[in-house]
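Read through the structure below, which is laid out as structure tokens, and then see the notes.
The values are calculated or read from the model by the stated rules, or taken from the named source; none is laboratory data. Nothing here was measured: the structure is a model prediction, and the numbers come from that model. Cβ: placed from backbone, ideal geometry, glycine included. Neighbour counts: every protein chain shown. Only protein heavy atoms, including side chains, enter the accessible area calculation; ligands, DNA and RNA are left aside. Shrake-Rupley method; radii C 1.70, N 1.55, O 1.52, S 1.80 Å.
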Amino acid sequence: MIHSEISHHRLLAQKLYKTNPYSPEQIVKHMGAMQAQDYAMAKWAIGSRCDASEKEIDEAVNSAKIIRTHILRPTWHFVSSEDIYWMLELSAPQVKRFTASAAKKFGYDAIKLDQTNNAIEKLLAGNNYLTREEIMQELGISKTSKEDFLSAAIMMNAELDGLVCNGKMKGKKITYALLEERVSKPKNKISKEEALAKLALRYFESHGPATLLDFSWWSGFPPTNCKFAINAIELQLNKITIENQEYWFGKTYSDAENFRESVHFLPAFDEILISYKTREASMQPEHQSKAFTNNGIFKPIILENGKVIGIWKRTIKKGHAKVETEFFSEVESTKKQLLFEGIKSFENYLETEIIIE
């Protein structure tokens, strides 16, 4: 393997080649955690790796096979219901530092946050799914731009305490539910060291080849902790050194795997970019500012053979969806038609006609 081939092997690890049929929940479990602050686009991150429709992914979320909550870094993620408790116990203490700081600006210390948790628990008990706005209204917190930051900190704190997670969708609105009413708490616990090693193995098997710093960025844990985790599982991984940099990946990797011509229209914040500290393996440095901003806003991307060649956006219309594309370099119209074949899977996922402009 050479550096230019890393992106190809990441496509394999991230299940973007769809070599086997997988359910939405199997994809999420394989990936460990999938960034999901843009709910509509995050569902397509799952759909692009399996043959499920958007409706089927909605059902997996509504039935709590997939949980959407704040975990790892202070942002939304999809995680498997089988992983939610050990992963929360591992990552919550580090992420709560951010929520505690944000809440304190509004006069909410640990005691007041615990009191608010108790009130939220009473509101949601008995599978009573409420939106954030409904919860804040019951708590007497007014809806202003300032209080919106407070409400976000309150609900994130409740998620990290293992009290709440996503509930069933209420129309197009996201709701909250009590986590223990959605997913039964396991009887056995694992140590923090075991959990971090488990997370590391999951990451490198689903995202490799990747570096220690890639895992540190994705998990939110310091490099020193991540190094201990890698040492604990190194016999379960393969390693290659390219340009004095160590890359780790799963044992299932095979040099005999044939390269496959491919085009992927992937969502904003997709794991193929967001889950690595640096992105040179997938795109030219001069194009990076077109795909993501300095303040961390990632756009939907077009991949050709594992390399980012442009961006796209979709607009849902009555009876169809409109897709607009922007390529980084001039593309002949005949080649564009071949590239647009990559949108077929998105058309199947939405179960509606797509018109490209």
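Summary of computed values
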read-out: Charged-residue dipole, Cβ positions (Lys, Arg, Asp, Glu), the chain about Cα centre, Debye nearest 20; value: 720 debye
read-out: Sum of -39500 (n - 2.57) over DSSP H runs of 4+, divided by residues of the chain (222 nm, nearest 500); value: -12500 deg cm²/dmol
read-out: Dipole of region 18-182, positive end: most advanced residue of Asn127, Met41, Ala158 [Cβ charges, Cα centre]; value: Met41
read-out: Where N is the number of residues in the chain, Cα Rg divided by 2.2 N^0.38 Å; value: 1.01
read-out: Amide hydrogen neighbours beyond the local backbone of Trp76, cut-off 5 Å, H modeled; value: Ala36, Gln37
read-out: Approximate shape of region 79-172 as ellipsoid semi-axes (Cα gyration tensor, √5λ), whole Å, largest first; value: 20, 19, 12
read-out: 19 Å Cα-Cα threshold exceeded, pairs from Lys29/Lys185; Lys96/Lys187; Lys227/Lys277; Lys55/Lys185; Lys185/Lys227; value: Lys96/Lys187; Lys55/Lys185; Lys185/Lys227
read-out: Extreme residue, positive dipole direction of the chain, given options Leu88, Phe269, Tyr22 (C-beta unit charges); value: Leu88
read-out: Per residue solvent-accessible surface (Å²) - region 18-182, probe of 1.4 Å; value: 44 Å²
read-out: Rounded to whole Hz, the Karplus (6.51, -1.76, 1.60) HN-Hα couplings of region 345-355, x for glycine and proline; value: 5, 5, 5, 5, 5, 6, 6, 8, 5, 10, 10
read-out: Region 1-132 - charge dipole about Cα centre, Lys and Arg +1 at Cβ, Asp and Glu -1, debye rounded to 20; value: 420 debye
read-out: Whole-angstrom gap from region 304-357 to region 29-51, using each part's C-alpha centre; value: 19 Å
read-out: Long-range HN-HN contacts of Ile242 with modeled amide H, under 5 Å; value: Tyr247
